[in-house]
Each structure stands twice: as C-alpha cells, then as structure tokens.
Amino acid sequence: MLAEPPLAAAPVERPDAQTAKAGSPGPDDEPLYRSSPKIYPQRVQGTFRRIKWIVLCVTLGIYYLLPFVRWDRGANAPSQAVLVDFPGRRFYFFFIEIWPQEVYYLTGLLIIAAMALFLMNALAGRVWCGYLCPQTVWTDLFFSVERWTEGDRRERMQRDAAPWTTDTLVRKGLKHFIWLMIAWWTGGAWVLYFADAPSLVYDLATFQAPFIAYAWIGILTFTTYTLAGHMREQVCVYMCPWPRIQAALTDEYALNVTYRLDRGEPRGSVKKAAALRAKGLPAGDCIDCLQCVNVCPTGVDIRGGANLGCIQCGLCIDACDAIMAKIGRPTRLIAYDTEVNIRRRAEGQSPVFRLVRVRTLLYLGIISIAGGIMLYTLATRQTLGVSVLHDRNPIFVQMSDGGVRNGYTMRVLNKKPEPRELSLRVSGLSGAEVEVIGGSSHPGEGLAIDVGPDQTRELRVLVTRHGRAQTSVQSIDFAVSDRRGGETATASDHFRGP
Ligand code: SF4
Ligand code: SF4
C-alpha cells in the first residue's frame, strides 16, 4: 500500500494550486494569517540521500574538529591551524597569516565565495541550499534525531494527533535534550576558533573562561536549536534572501529538480495505467502516491513545477526512483533537468546539457582571477613593512643655527615569528642628520632598529637639515632593511621648511 494514510499533512500549498470549490469560502472570507502546516518528512534512501549524508558528515566534521588541528608556526606564534586572534590582531589559516591592514584578502575571499555560489547556481540551481547550507545541514541532523526518538513520518503524525502519554513525553524530552546538546556543542565549537581550543575547553569546563565565551555559546545554542529544530523549512521559504536572488540569476540551462511531465502524465493508479496501456492509450508513470511530497523537507509537490520552497535536495528523486523500481517503470521520473529540456521533450526533441556557457565561464574566470591575485600576493608577500607620518604641529622647527628639523612617527612591522635587526636609511635630503629616538647608530650601516617577533614598533624620527634650502618642500624617502636578509620596505614623505 503506497498511498499516504488519512493523517497525512497537506504539503505547502502553492497559491496557483488553490482552487475555489463550490460553496467554499471565497478569498474575502480567508483569514489574513494562516499558520504553515507542520511538515513531517519521511525517511528515504537512495543516491542523493547518501550524498547528503556524506556532505553532512564532512562539513560537520570540519566545523567541530578544525579548531583542534595544530600547525607549527614556530615558538612565538600560536599553533592552532585556524584561529581568529583578536588580542593579537591576526587571522591564522594554516600557512596564511593575515594582519589587520591586509583585510583586502577578506574582500578577495568574499568575491570568490559569491562567484562560487553564482557558479553553483548556474550549474545546478539551489544545490548550495540542498546540500551545503548550514541551515540544511543542521536541520537534516535534527530531523535524523527526531526520527530516531519519535519514529518515522506516520508514527510522528499519529503521536502528535493523539493525547500526550508518558511515552510521548519521554521521547519528545529526549529529542529536545539531544537537540540542545547538538546546539550547545555547535556554539562551543564556534568560540574555539577565537582562542587556543584545548586551553579554552579546559577553561570552559572549569568555569575560568571569559564571560564573552559563555555568552556566545548561549547565543549560538539558542539560534541553532530554534532555527534547525523549530523553524526548519521556514528559514528557507520566508527568511533567506538567496531563493529570491537565485531566481533572478538562474537561466534555462541550469539543472533543477524537475518532474518529467512528458512521462508522468496523465497520472493514475498502477491498475488504471496498465488498463490504459493495454488499450493502447497514453498513460503516465506517476501513480500519485505522494511519496515525493512526503519525503520533501519543505513540503513541496515538485509535480506542480518550479517552486520557491524547493531547495533542490534531490530527496524526491530518491523517493520516486524507489516507487518506479517497485512498479517496474524506468527511474528518474523526477530528475535534475533543465527548462530547455522540458521544452525540447515536449517538442519530441532529445535533451541537451550545456554546462559550459558564457555565464559559467565568466564566473570561473572571476574566481580564477581573484584566486590568482590572492595567491600571487600571498607568495610575494613582504614580511617587513614601514609607514611614516609627518608631525602636524609643529610642521617644522627652526634651529638656532638656521637649520630646520622635521619630526615623523614611523611604524615598523615585523611579520616574522622571530626578532629582527633592521637598519634605517633616509635619502632625498643631502647632508641631513637623522636621529631615531629609541634606536642606535651603527657606523656605515645606518640607524639600527630592533623589532620583536610578530610585532609593530612605533618610533620617533627626527630629520635635521643644516643650511638653507632651495625649496620649502622636498621629498624624502625612508628605507628599512633587514640586516641579515635582503628584505627592504620603503615609505615616502616630505621635508618642510620656511
Ligand atoms: S512523482 Fe513519483 S513519487 Fe511522486 S507521486 Fe508520482 S510516482 Fe509517486
Ligand atoms: S521538491 Fe524535491 S528537491 Fe525540492 S526540496 Fe522537496 S525533496 Fe528536495
């Protein structure tokens, strides 16, 4: 028996599917607000379900375990592979170390992420939503806990319709407890990205961690439990902006989960279809069993056509394939297909799949350019930096011998995890006398500056010109060089006089 029992919850109704029945209330009598019916997705097995399990395990595994992965950066740097170090103002990602002034790397990453999303959309619609989106992944995990504690669709629906019993109380209590544990661990894993994970776990367990860590765990526990446990498909249908943006970006060659109208209609029971075929009349493969709707996490009936609620997870394909196998009809009555192919099949033409198109090449090109620039800048990245700021007040000081002195604030960055001995040379002002407050002088080697590992040092530099100048403003260059390596960083400013 394949048909759904009478308790079956109605799928999310699409406005265009609503038809007025004789004697039924008209649109003016409808309440202004109607709650969404609760969706009870049924367990399903098949290719796409397996892919979703793999993606779920990989993504959650990375999220929960990555903070514990170590990366050796030397004695003076943290050993956590991925770390957002707010006190040290650094972001560490394996061999990459980003300083605050290098935030443009983040811009590059955002460009790549956006283009990757657009590319996924151009190839296979909302494939991100169906497989990779955190909302989908955590909701899937929460669904599996719900099935484990309360049973599959029919059992859950019967339980919800029946009066409360001790068994219901225990099962629902257990479900919410496990949900809260997952949500709590999700929040806990999040804060581990902002401090040394093993030490923070110890501090959290012994209540010695800072208050902000507990606060963030509380916030993320609440949001995960609410969004994945209670709001589920409503986040995708009502809250997320991506379905609207995606609908505007897609084209007729993008693969989307599609019901093969040409094969499925006219739908009817197995017996009816067999009788029609025996008479040589057209009969569709769809037996109207609603299994595709029952497994859908958003309650969509994909047979009605493209739907904003469909997250392209492919579970209805698995459900329908199982039915087709049972009734001895070819599988993929529901399949990833394109708008073009729907049209072509209706016209009796064979389907075409065009993954290489202008837009996919464009997105790939932008990803390659942004990625290439980032890789190049990372590979040629300097570990030494210098910036110079001229004093604003006074702009210059007139000396008693007629000379003029300018003051500068110089910042030297050492991005290496070891201390460095640097020398400063000032050029562009012949005969000028340079003094670094806090530095020392080495004859013939310029002015020496020591900077600690992975540090920025701020120094005062005084430049004095003796004698009269031709012009009141002259360019002046500052060069800071590593005394052992060959790396040099430069900065320019002006020397001003009367
Ligand atoms: S499309 Fe497939 S799963 Fe859906 S109602 Fe028809 S036969 Fe059943
Ligand atoms: S209609 Fe099919 S692909 Fe779309 S959300 Fe439902 S089960 Fe997933």
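The values are calculated or read from the model by the stated rules, or taken from the named source; none is laboratory data. These numbers were taken from a predicted model, which means no experiment stands behind them. Counting neighbours? That spans all protein chains shown, and the Cβs are built from the backbone with ideal geometry, glycine included. In case anyone asks, the SASA skips ligands and DNA or RNA and just uses the protein heavy atoms, side chains included. Shrake-Rupley method; radii C 1.70, N 1.55, O 1.52, S 1.80 Å.
Consider Tyr253 carefully, then state whether it is in contact (Cβ under 8 Å) with a residue 40 or more places away in the chain, away from ligand 2 (no atom under 16 Å from the Cβ), assigned to a helix (DSSP H, G or I) and aromatic (Phe, Trp, Tyr).
Here the answer is no, as Tyr253 does not meet what is asked.
Based on what the data block shows, is Glu339 within 16 Å of ligand 2 (Cβ to nearest atom) and open to solvent by 60 Å² or more (accessible area, probe 1.4 Å)? Break it down stepwise before answering.
Details: within 16 Å of ligand 2 (Cβ to nearest atom): yes; open to solvent by 60 Å² or more (accessible area, probe 1.4 Å): yes.
So Glu339 passes the test.
Check Thr149, Thr136 and return the single one that is buried (at least 18 other Cβ atoms within 10 Å of the Cβ) and within 17 Å of Val44 (Cβ to Cβ).
Details: Thr149 fails: within 17 Å of Val44 (Cβ to Cβ).
Of the residues listed, the single one that is buried (at least 18 other Cβ atoms within 10 Å of the Cβ) and within 17 Å of Val44 (Cβ to Cβ) is Thr136.
When you go through (1) within 16 Å of ligand 2 (Cβ to nearest atom); (2) surrounded by fewer than 17 Cβ atoms within 10 Å (Cβ to Cβ); (3) of a type outside the set (Gly, Ala, Ser) one by one for Phe353, which number turns out not to apply?
(1)
Starting from segment 295-309, take each residue that is on the phi > 0 side of the Ramachandran plot and list its partners that are open to solvent by 20 Å² or more (accessible area, probe 1.4 Å) and within 15 Å of ligand 1 (Cβ to nearest atom), counting only C-beta distances under 6 angstrom and pairs at least six apart or across chains.
Every condition considered, the pairs that remain are Gly299/Pro11.
Select from segment 261-309 the residues that are more than 9 Å from ligand 1 (Cβ to nearest atom), in a loop (DSSP other than H, G, I, E, B) and within 42 Å of the chain's Cα centre (by Cα) and list them in ascending order. Lay out the reasoning, then the answer.
Within segment 261-309, the first condition is being more than 9 Å from ligand 1 (Cβ to nearest atom), and the residues that meet it are 261-263, 265-266, 268-283, 296-300, 304-309.
With the extra rule that they be in a loop (DSSP other than H, G, I, E, B), the set shrinks to 265-266, 268-269, 279-283, 296-300, 305-309.
Scanning segment 261-309 gives Glu265, Cys296, Pro297, Thr298, Gly299, Val300, Gly305, Ala306, Asn307, Leu308, Gly309.
Between residues in segment 322-334 that are more than 8 Å from ligand 1 (Cβ to nearest atom) and residues that are part of a loop (DSSP other than H, G, I, E, B), which pairs lie under 6 Å by C-beta distance while being six or more apart or on different chains?
Arg329/Asp285
Picking from Pro41, Pro78, Pro87, which residue would you name as being within 22 Å of Leu220 (Cβ to Cβ) and not in a helix (DSSP H, G or I)? Reasoning before the result, please.
Working: Pro41 fails: within 22 Å of Leu220 (Cβ to Cβ); Pro78 fails: within 22 Å of Leu220 (Cβ to Cβ).
Matching residue, one of Pro41, Pro78, Pro87: Pro87.
Return a yes/no flag: does segment 377-394 have any residue that is under 30 Å from Ile96 (Cβ atoms) and in contact with an Asp or Glu (Cβ under 6 Å, 6 or more places away or on another chain).
Yes, segment 377-394 contains a residue that is under 30 Å from Ile96 (Cβ atoms) and in contact with an Asp or Glu (Cβ under 6 Å, 6 or more places away or on another chain).
Return the total of residues in segment 109-129 being small (Gly, Ala, Ser) and open to solvent by 30 Å² or more (accessible area, probe 1.4 Å).
Residues in segment 109-129 being small (Gly, Ala, Ser) and open to solvent by 30 Å² or more (accessible area, probe 1.4 Å): 3 in total.
Name, by its number, the condition in (1) open to solvent by less than 30 Å² (accessible area, probe 1.4 Å); (2) more than 30 Å from Ala370 (Cα to Cα); (3) in a helix (DSSP H, G or I) that does not hold for Tyr202.
Here Tyr202 meets the rest and fails (1).
Report yes if Leu389 is surrounded by fewer than 18 Cβ atoms within 10 Å (Cβ to Cβ) and within 30 Å of Gly88 (Cβ to Cβ), otherwise no.
Working: surrounded by fewer than 18 Cβ atoms within 10 Å (Cβ to Cβ): yes; within 30 Å of Gly88 (Cβ to Cβ): yes.
In short, yes.
Going through segment 392-413 one residue at a time, which ones are under 44 Å from the mean Cα position of the chain (by Cα) and crowded, with 17+ Cβ neighbours inside 10 Å?
Answer for segment 392-413, where residues must be under 44 Å from the mean Cα position of the chain (by Cα) and crowded, with 17+ Cβ neighbours inside 10 Å: Tyr408, Met410, Val412, Leu413.
If you take the residues of segment 371-384 that are touching a helix residue (DSSP H, G or I) at 6+ places or on another chain (Cβ under 9 Å) and modelled with pLDDT under 90, which of them is most open to solvent (accessible area, probe 1.4 Å)?
Within segment 371-384, the match that is most open to solvent (accessible area, probe 1.4 Å) is Arg381.
Evaluate the following for Val397: is it in contact (Cβ under 8 Å) with a residue 12 or more places away in the chain, away from ligand 2 (no atom under 16 Å from the Cβ) and touching a strand residue (DSSP E or B) at 6+ places or on another chain (Cβ under 6 Å)?
Spelling it out, it is not the case that Val397 is in contact (Cβ under 8 Å) with a residue 12 or more places away in the chain, away from ligand 2 (no atom under 16 Å from the Cβ) and touching a strand residue (DSSP E or B) at 6+ places or on another chain (Cβ under 6 Å).
What are the residue pairs meeting all of these: first residue in segment 268-287, first residue of a type in the set (Val, Ile, Thr), second residue within 16 Å of ligand 2 (Cβ to nearest atom), Cβ atoms under 9 Å, and 6 or more apart or on different chains?
Ile287/Ile323
Filtering segment 152-184 down to residues that are among the charged types (D, E, K, R) and open to solvent by less than 70 Å² (accessible area, probe 1.4 Å), which residue is nearest to Val293 (Cα to Cα)?
Out of the qualifying residues, it is Arg153.
Residue-wise test of (1) under 24 Å from Val235 (Cα atoms); (2) at pLDDT below 95; (3) more than 8 Å from ligand 2 (Cβ to nearest atom); (4) not hydrophobic (A, V, I, L, M, F, W, C).
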site: Asp288; (1), (2), (3), (4): no, yes, yes, yes
site: Cys292; (1), (2), (3), (4): yes, no, no, no
site: Cys296; (1), (2), (3), (4): yes, no, no, no
site: Gly305; (1), (2), (3), (4): yes, yes, yes, yes
site: Leu308; (1), (2), (3), (4): yes, yes, yes, no
site: Asp321; (1), (2), (3), (4): no, no, yes, yes
site: Ala325; (1), (2), (3), (4): no, no, yes, no
site: Gly328; (1), (2), (3), (4): no, yes, yes, yes
site: Ile334; (1), (2), (3), (4): no, no, no, no
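Table: residues versus (1) buried (at least 19 other Cβ atoms within 10 Å of the Cβ); (2) in contact with a Gly (Cβ under 6 Å, 6 or more places away or on another chain).
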site: Leu192; (1), (2): yes, no
site: Ala215; (1), (2): no, no
site: Tyr225; (1), (2): yes, no
site: Arg232; (1), (2): yes, no
site: Tyr259; (1), (2): yes, no
site: Glu265; (1), (2): no, yes
site: Gly268; (1), (2): no, no
